[in-house]
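Data first, discussion second: the structure below is written as structure tokens.
Nothing in this text is a laboratory measurement; each read-out follows from the coordinates by a stated rule. Source: prediction; values computed, not measured. So basically every Cβ, Gly included, is an ideal-geometry build from the backbone, and we count neighbours across all protein chains shown.
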Amino acid sequence: MTRDEILALLARRNAAWIARDAAALTALHAPNGAVASPTGGVLEDRDAIERVYRLWLSAFPDLKTHVDAILVDGDHAVEILRFSGTHSGDFFGLAPTGRHVELVMASVMTLADGSITEERRIYDFTGVLVQIGVLKAKPGA
């Protein structure tokens, strides 16, 4: 894929996040694509990938995203995203807490034939659990 094609795909991805459209987000992944995520583990097909998109969108119905940076090198791209939302739905069996959550994620992707073939999502999942009140942060010494 060319740089312009990759940037266009990432623009569609951002639009899908803004629209809160799990199906559109999933369609950007190759049918046999893989995602490695702190939340879902290793996801190896579109059904599993869509399940995790839907989990986040239902747990945080007011989820907002902002793209901070995009880096493209050949068939690889890194997107730095900021997310914020209120924990208002079930999240891995955790009842809604009404607490606000913010996180920064680095999404490291390999792209081919107009799709994301591999994605590694890097973010502080423990920090999310602290923010929703499941875990308690230990005060610094």
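Quick look at the values:
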item	result
Cα-projected label distance for Asp47 with Asp68, points at 7 Å along beta-carbon direction, nm	3.6
Cα centre as origin, Lys/Arg/Asp/Glu Cβ charges: the chain dipole, Debye	640
Proximal charge balance of Gly89 [Cβ under 11 Å; K/R count +1, D/E count -1]	-1
The stretch 28-141, relative contact order in percent, only Cα pairs under 8 angstrom and at least six apart counted	24
R0 of 25 Å, Cβ-Cβ distance Ser58-Ala27: FRET efficiency to nearest 0.05	0.85
Sorted largest first, extent of the chain alpha carbons per principal axis (Å)	47, 34, 25
Stretch gain in nm, segment Asn14-Val78, where the contour uses 0.36 nm per residue and the Cα spacing is subtracted	21.7 nm
Selection from Gly40, Phe60, Met105, by position along the positive dipole direction of the stretch 16-128 (Cβ)	Phe60
0 to 90° range, to nearest 10: angle between helix 3-19 axis and the chain longest Cα axis	40
